[in-house]
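Just below is one structure, and these are the notes that go with it.
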Amino acid sequence: MIKRLMPSCREVSEKVLVGELFNAPLLQRGLLRLHLMLCEHCRRFSRQLEMISKTVEEIARPQLDPRVVKAAKRRILEHLKPK
């Protein structure tokens, strides 16, 4: 019976890929987590996907030099001072 309820690796990887792991109904979410605990390959895929997401976020985030930010703040404050 549990074998029929347990999602396959393909189903788990699809859910992880589209981010439905936490939005699934309670029973399905529990079975997905159980599968991830038992299946080394799906756990690895999930961790790799998380690492890729974090890397893309870091790359997309602008890397500003603190000196440039400080100079910009100073110019803005000077501009806002009453004359």
Being at pLDDT below 90 and closer than 30 Å to Met6 by Cα is the requirement here; does Pro25 meet it?
yes
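Is segment 3-10 home to any residue that is surrounded by 10 or more Cβ atoms within 10 Å (Cβ to Cβ) and either acidic (Asp, Glu) or in a helix (DSSP H, G or I) (or both)? It would help to see each step written out before you state the result.
Keep residues of segment 3-10 that are surrounded by 10 or more Cβ atoms within 10 Å (Cβ to Cβ), which gives 5-9.
From what's left, either acidic (Asp, Glu) or in a helix (DSSP H, G or I) (or both): 5, 9.
Yes, segment 3-10 contains a residue that is surrounded by 10 or more Cβ atoms within 10 Å (Cβ to Cβ) and either acidic (Asp, Glu) or in a helix (DSSP H, G or I) (or both).
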For segment 11-36 the number of residues that are under 17 Å from Leu49 (Cβ atoms), without any contact (Cβ under 8 Å) to a residue 24 or more places away in the chain and in a helix (DSSP H, G or I) is 5
Among the residues that make up segment 32-54, is at least one of them surrounded by 15 or more Cβ atoms within 10 Å (Cβ to Cβ) and modelled with pLDDT under 90?
no
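I'd like the residue in segment 38-83 that is assigned to a loop (DSSP other than H, G, I, E, B) and without any contact (Cβ under 8 Å) to a residue 12 or more places away in the chain and, out of all such residues, is nearest to Met6 (Cα to Cα). Can you show your working first?
Initial filter on segment 38-83 (assigned to a loop (DSSP other than H, G, I, E, B)): 39, 61-65, 81-83.
Filter again for without any contact (Cβ under 8 Å) to a residue 12 or more places away in the chain, leaving 61-65, 81-83.
Details: Arg61: 39, Pro62: 42, Gln63: 44, Leu64: 47, Asp65: 50, Lys81: 66, Pro82: 69, Lys83: 72 Å.
Checking each candidate, the answer is Arg61.
The values are calculated or read from the model by the stated rules, or taken from the named source; none is laboratory data. Note that the coordinates shown come from a computational prediction; the quantities given were computed from them, not determined experimentally. Methodologically, a virtual Cβ is constructed for each residue, glycine included, from the backbone with ideal geometry; neighbour enumeration extends over all protein chains shown.
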